[in-house]
Amino acid sequence: MFRLPVCPHCGTVYRYKDTKQAIRNKENTCYHCQKRFRAKMFPYILVGAILPLALCIGLNIFLLTRMTDLQLLPLFGVTLGFMLITYLIIPFFTKFKKIEDGSKEQSNKKKG
């Protein structure tokens, strides 16, 4: 499931830039249907972040063992590259969830 999130109310697909902004705002309003939703990260985003990190560590170890005269700058570049890739894929691990109306919650409290 590697795709950008959609509005839970109307199904509008959000662009990459809009998704990153929605993650920062937490609670948002859809620009198409004007209904509220919450941006949440998938719990398995850690898997998406751990995999590039493990690849980065493995590549750094490989480079250190194969090239004894290797400088620190190439290793830093490899690490920075993997961190950038991880940062860029975060919006693809985001899901938008509906925010329930407060009026429904109040009516349930009055009944109970």
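A few points about this structure:
- Sorting TYR31, TYR14 by solvent-accessible area of protein heavy atoms yields TYR31, TYR14, largest first, with a 1.4 Å probe.
- Exposure ranking of PHE42, PHE62 by accessible area [1.4 Å probe, largest first]: PHE62, PHE42
- Summed residue charge, Cβ within 12 Å of ILE89's Cβ, Lys/Arg positive, Asp/Glu negative: +2
- To the nearest 10, the accessible area of LYS97 is 100 Å² with a 1.4 Å probe.
- FRET efficiency for the pair LEU80 and ALA49, taken as 1/(1 + (r/R0)^6) with r the Cβ-Cβ distance and R0 = 22 Å, rounds to 0.90.
- Given their separation in residues at 0.36 nm each and the Cα-Cα distance between them, LEU73 and ILE90 gain 3.5 nm when the chain is fully extended.
- VAL13 exposes around 90 Å² of accessible area when a 1.4 Å probe is run over every protein chain in place.
- Close amide H partners of LYS35, meaning residues 5 or more places away or on another chain with modelled amide H under 5 Å apart, are CYS30.
The values are calculated or read from the model by the stated rules, or taken from the named source; none is laboratory data. All values derive from a computational prediction rather than experimental measurement. All Cβ positions, even for glycine, are placed from backbone atoms using ideal geometry, and neighbour counts span all protein chains on display. Surface accessibility is based on the protein's heavy atoms, side chains included, excluding ligands, DNA and RNA. Shrake-Rupley method; radii C 1.70, N 1.55, O 1.52, S 1.80 Å.
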